[in-house]
Amino acid sequence: MSRSLTSQLCWRLGHLSSRTAPALCVPSSSSTRKQRHGGGRHAFSTTSRRQIMETTGFTENQLTVREAVNQICARFPPTYWQEHDQTETDPTEFHAALAETGWLGIALPETLGGSGLGISEATMMMQTITESGAGMAGAQAVHANVYATQPLARFGTDEQLRKTIPNIISGRWRVCFGVTEPNAGLNTLGLTTTATKSADGGSYSVKGQKIWITCAQVASKMILLARTTPRDQVTKPSEGLSLFCIDLDRSQPGLEMRRIKKMGGRAVDANEVFFDGYEIPASTLIGQQGKGFKHILHGMNAERCLLAGEALGLGYAALGRAAGYARERVVFGRPIGQNQGIAHPLADAYMRLEAAKLATYHAARLYDEAAAGNSGIKQDGVGVAANSAKYMAAEAAFTACERAVMTHGGMGYAAEYDVERWFRECLVPRIAPVSREMILNFISERVLKLPRSY
Ligand SMILES: Cc1cc2nc3c(=O)[nH]c(=O)nc-3n(C[C@H](O)[C@H](O)[C@H](O)COP(=O)(O)OP(=O)(O)OC[C@H]3O[C@@H](n4cnc5c(N)ncnc54)[C@H](O)[C@@H]3O)c2cc1C
């Protein structure tokens with residue numbers, strides 16, 4: 001990291017410290033819990049949350065990011081996320097707080113107003129967000145801004161970058177990522193949304209449907225993947241797809257969206273988006289026409305790392321909360337954590353998270369070193385590391401979240417204790433952006449050289 005970047009982060013820390021409590025942990029009210037458990041010597045209190053991840057071995061930059069982002073997150077306690085989850089209200093203030101302090105540009109080049117940091121630091125930022133108690137809702141509120149902007153920054157024209165990136169970093173425009181389609185699913189190359197160029201070449205007409213598009217209701221821009229050459233006219237299905245950075249202008253004909261009712265992360269909207277002759281200027285094309293799939297591939301390993309970080313944060317938050325409860329909840333005259341039936345599953349969940357953490361930051365480091373031009377690092381190796389990390393982190397988070405609910409007994413089912421919210425959310429890293437079955441397929445085929453099963 002250059003001196004200027006270090007001082008940029010230090011400035012941010014100083015800037016934040018003057019306005020926020022310097023505590024790194026998220027405080028949460030314990031009054032109602034004390035009432036329920038009698039308020040006596042062993043009453044359960046959650047006045048402070050200890051962060052349990054072992055931080056030895058992280059770089060100074062990563063730890064600086066963790067500290068600074070923690071300070072912002074401390075302004076949004078679990079009660080904020082409980083309320084937003086229950087009312088299905090967008091965490092606009094949270095997105096604005098990160099934008100205001102420049103964090104949305106963490107992995108964008110300094111020349112475009114970003115911080116020029118790597119995926120190693122961006123992963124730490126996303127982990128810190130979920131770990132603060134914000135959970136996947138907090139991460140999803142900013143995920144596309146950090147990730148979907150990567151192909152734009154890499155392949156966009158000077159004019160696109162100048163007009164778009166500063167508005168995304170400042171939070172004026174929010175972004176969503178439009179890839180998944182109902183009839184294609186994980187088979188992205190089977191997508192059927194088309195973008196057809198007009199006779200004068202000045203615009204494209206978009207027709208088709210996307211599904212599960214996070215933040216489409218609040219986004220002004222969508223990074224859209226659509227077919228520009230019919231599949232029967234290309235030699236490989238990966239050809240003929242193009243990437244666009246389009247306006248989501250609801251006042252224009254041919255654009256409709258419908259919110260999907262979902263299990264978790266309810267603060268953040270997920271949508272079906274329908275295009276029916278929606279017109280977009282030709283200048284919205286990112287990179288080369290027909291090379292869109294190649295352009296998004298560029299960022300896929302980065303997204304795996306970010307998702308792995310998000311899963312880790314969720315797992316550590318749930319486990320920390322479970323350990324706190326197990327220390328303080330007294331049944332049969334002793335803290336429940338004194339029973340090995342409670343303690344050992346939590347200790348086991350901790351080690352799974354720590355192992356997944358090593359895999360995650362190893363993958364992120366490989367990604368950054370390859371991006372910086374280290375020719376000794378092969379893309380295949382980055383792909384294996386990033387996919388493995390996403391798989392392991394998602395599984396470790398699931399284990400931690402499920403055990404956190406069970407440790408709380410009946411209270412694990414109460415919204416007030418947060419662990420039920422995190423449990424609902426911990427399924428997302430298992431499903432998206434690629435399911436665990438597809439990662440198992442990838443490792444079977446690419447590493448173990450087993451025959452392709454599909
Ligand atoms: C909360 C949430 C947010 C999302 N946000 C976005 C977003 O912002 N933008 C976006 O574009 N997408 C988004 N997605 C979509 C997400 O990336 C997809 O849901 C995911 O890729 C899985 O696709 P699918 O749901 O169509 O599953 P399907 O493809 O229908 O698969 C269903 C099941 O079958 C299994 N399966 C399928 N084929 C095989 C095979 N060959 N071998 C073994 N198992 C197989 C899968 O592993 C899975 O378990 C989001 C999804 C969720 C849940």
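No lab work stands behind these numbers, since they all come straight from the coordinates. All values reported here derive from a predicted model rather than from experimental measurement. Counting neighbours? That spans all protein chains shown, and the Cβs are built from the backbone with ideal geometry, glycine included.
Legend: ranking of residues Arg452, Arg334 from fewest to most surrounding C-beta atoms inside 10 Å; resulting order Arg452, Arg334. Residues of the stretch 422-436 with amide nitrogen under 20 Å from the 7 Å Cα-to-Cβ point of Glu88? Answer for this model: 422-428. Directionally averaged projected area (the chain, Cα convex hull): 23.0 nm². Computed from the Cβ-Cβ distance with R0 of 35 Å, the FRET efficiency linking Ala414 to Ala355 stands at 0.70. Placing a label point 7 Å from the Cα of Lys262 along the Cα-to-Cβ direction, the residues of the stretch 129-157 whose backbone N falls under 18 Å of that point are 129-131, 133-149.
In units of the rule-of-thumb radius 2.2 N^0.38 Å, the stretch 153-212 shows an alpha carbon radius of gyration of 1.42. For the chain, the dipole from Cβ point charges (+1 on Lys and Arg, -1 on Asp and Glu) about the Cα centre works out to 760 debye, to the nearest 20.
Rounded to the nearest 5, what % of the DSSP beta bridges within the stretch 191-297 are antiparallel ones?
Bridges in the stretch 191-297 are about 95 percent antiparallel.
By its C-alpha gyration tensor, with a ≥ b ≥ c as the square roots of the eigenvalues, how is the stretch 175-295 shaped: rounded for a/c under 1.5, else prolate for a/b larger than b/c, else oblate? Since a/c reaches 1.5 but b/c is at least a/b, the shape of the stretch 175-295 is classed as oblate.
Using the 10 angstrom Cβ neighbour count as an exposure proxy, how do Lys262, Lys357, Lys449, Lys291 rank, fewest first?
Ordered by Cβ neighbours within 10 Å, fewest first: Lys449, Lys262, Lys291, Lys357.
Summarising the label geometry, the points placed 7 Å from Cα in the beta-carbon direction at Tyr454 and Ser205 lie 3.4 nm from one another.
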